[in-house]
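Participant: First, the structure itself, so that you have it in front of you.
The values are calculated or read from the model by the stated rules, or taken from the named source; none is laboratory data. What you see is a predicted model, and the numbers here were worked out from it, not measured in a lab. Here Cβ is always computed from backbone atoms with ideal geometry, including for glycine, and neighbour counts include all displayed protein chains.
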Amino acid sequence: MAKEKTVYICSECNNTEQNWLGRCPQCGKWNSFVEERISTKESGSSNRSKNIVNTVTNSPQNLKTMRIQQELRFSSGISEVDKVLGGGIMKGSTVLIGGEPGIGKSTLLLQVMSDSGAKKALYISGEESANQIKLRAERLGLKLDKITVLCETRLHKLLNILTKEKFDLVIVDSIQTVVSDDAGPIAGTVNQIKYCSMELVDIAKALETSLFIIGHVTKEGVLAGPKIIEHLVDTVLYFDHAETGVRIIRAGKNRFGSVDEIGIFTMTEKGLKPAVQPESFFLEKRDGDIPAGVAAAAVFEGTRTFMVEIQALTVPAKSGYTRVYSDKIDSARVSRISAILEKHIGLRFSDQDIYINVAGGIRLLEVGIELPLSLALYSARTGKPLIKLLSSAGELSLAGEVRRIGHLDKRISTAEKMGFKRFLGPKVQEFDAFSGTAYGGFTSCNNIREAIQTMFPDNTDSRGFNSKD
């Protein structure tokens, strides 16, 4: 007879301890230990589908003689999803997708099931009834004949059905609702999520079924049990943003494509739709002059270039120390750029609170935003707006140099397409890279001081900086 014992598992790093601790010695998180009751019996195959063992036999294979199917991918039916996945859904792959409640995870995957090239698909729901799913599918105008729904949460039942039917595409909504007797009686625990995910991933790979797993996020905005699930799957997708009707899907891990690609959607009555003209989606449309503290940046993500608006605000610090408020650009990067300006321009930021925002709410990670960020900070601190219809891109070194960045020609071409007349970037020796762009407004600079002198013709202000110094 099986025996049970009580252990305490860290919800962040899966570290297991025999006694409860206030702080995890492995990852340093406080109050992260959760009580779990686990079975001490050997559970390796008690609830596994016996048919899998009989059908699929693993044996060593030589890569030279091994045959690979010609069609390894099929389309999801949604261009932005295909782009993020690296060209479509890979057969036998497993994808973990997470986001805030109500952001559209279930809606998007229902659309994928309706429009994808999968011949046989199954939607496993542990949170909604079949009636609820049908009402949503009808409201979205989806192809009902392509959607098969199974409302089941018991793992051994799911394994038997998946083995018997052999679907091309399976969606599990959500992994927190799936439960196995081998992992304890309560669904959603760390042990349950880990065990059920491993079983589902194993059967998906054995049957070459493409598996999508929906995971909830914690109040900190990360997938519940991230270190437990992420290493098991091939791809991890996050819904990055949910303001003003915009949805952004970003890959945190992708074994079959780039992690730099993003998918941009708008939420409509008919579900999530790919954004129209995403190159200009994050630009604020203004008829007059731009205000101080605003700079346009040409950003390159994956294979796509788009324009974003960086907004900066500086105010005198009200306490004994200054703060940087920036959630869309890393606050450490903002602090470094302000330090570079203070050192090489002489503009003081050490007594200022700094606020940074990105129009549309997209999170920016690449180094090419450093030059436009510095221009926005300088403009906000001096109260002088930038030249109208100016865009820029470049990396800043600690010495104040404007360094080369990748895909500069594509950034310039996109800026021109969006109506920008001037582009500020690093010094370029190989002007052949810009052949075919027909862009005549490119201005190069060697360092941040030269960039400020060029973009702000009258740089004498009450703070003592003079462009002629």
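Participant: I'd like to check something: does the range 174-183 contain any residue that is more than 29 Å from Leu72 (Cα to Cα), in contact (Cβ under 8 Å) with a residue 40 or more places away in the chain, part of a helix (DSSP H, G or I) and among the aliphatic types (A, V, I, L, M)?
Facilitator: Within the range 174-183, one or more residues are more than 29 Å from Leu72 (Cα to Cα), in contact (Cβ under 8 Å) with a residue 40 or more places away in the chain, part of a helix (DSSP H, G or I) and among the aliphatic types (A, V, I, L, M).
Participant: Report, by residue number, each residue of the range 284-308 that is in contact with a Gly (Cβ under 8 Å, 6 or more places away or on another chain) and under 21 Å from Asp330 (Cα atoms).
Facilitator: Selection gives Ala297, Ala298, Val299, Phe300, Val308.
Participant: Among Ser391, Ser350, which is buried (at least 24 other Cβ atoms within 10 Å of the Cβ) and at pLDDT below 95?
Facilitator: Details: Ser350 fails: buried (at least 24 other Cβ atoms within 10 Å of the Cβ).
Going through Ser391, Ser350 in turn, the sole match is Ser391.
Participant: Filter the range 60-93 for residues that are under 17 Å from Glu261 (Cα atoms) and without any contact (Cβ under 8 Å) to a residue 40 or more places away in the chain and give the result. It would help to see each step written out before you state the result.
Facilitator: We begin by selecting, within the range 60-93, every residue under 17 Å from Glu261 (Cα atoms); these are 75-76, 78-90.
Result: Asp82, Gly88.
Participant: Among residues belonging to the range 273-311 that are of a type in the set (Lys, Arg) and part of a strand (DSSP E or B), point out the one that is surrounded by the fewest Cβ atoms within 10 Å (Cβ to Cβ).
Facilitator: The initial filter retains those residues of the range 273-311 that are of a type in the set (Lys, Arg), namely 273, 285-286, 304.
This time we only want the ones that are part of a strand (DSSP E or B), so: 273, 304.
Values: Lys273: 15, Arg304: 17.
Applying the filter and picking the extreme gives Lys273.
Participant: Please determine whether any residue of the range 55-66 is touching a helix residue (DSSP H, G or I) at 6+ places or on another chain (Cβ under 8 Å), outside the structural domain of Leu232 (by TED's automatic domain parsing) and either at pLDDT 80 or above or surrounded by 11 or more Cβ atoms within 10 Å (Cβ to Cβ) (or both).
Facilitator: yes
Participant: Now, a different point. Considering the range 195-239 alone, what residues qualify as being touching a Gly at 6+ places or on another chain (Cβ under 7 Å), in a helix (DSSP H, G or I) and either at pLDDT 85 or above or over 18 Å from Cys10 (Cβ atoms) (or both)?
Facilitator: Ala204, Lys205
Participant: Does the range 426-442 contain at least one residue that is at pLDDT 90 or above and on the phi < 0 side of the Ramachandran plot?
Facilitator: Within the range 426-442 (the criterion being at pLDDT 90 or above and on the phi < 0 side of the Ramachandran plot), the answer is yes, since at least one residue qualifies.
Participant: Additional query: Restricting to the range 143-174, count the residues that are modelled with pLDDT under 90 and under 24 Å from Glu36 (Cα atoms).
Facilitator: Residues meeting the conditions: 1.
Participant: Anything in the range 395-420 that is surrounded by fewer than 20 Cβ atoms within 10 Å (Cβ to Cβ), at pLDDT 90 or above and in a loop (DSSP other than H, G, I, E, B)? List them, or say none.
Facilitator: Ser397, Leu398, Ala399, Gly400, Arg404
Participant: Across the range 72-96, what is the total count of residues that are at positive phi and of a type in the set (Lys, Arg)?
Facilitator: So the answer is 0.
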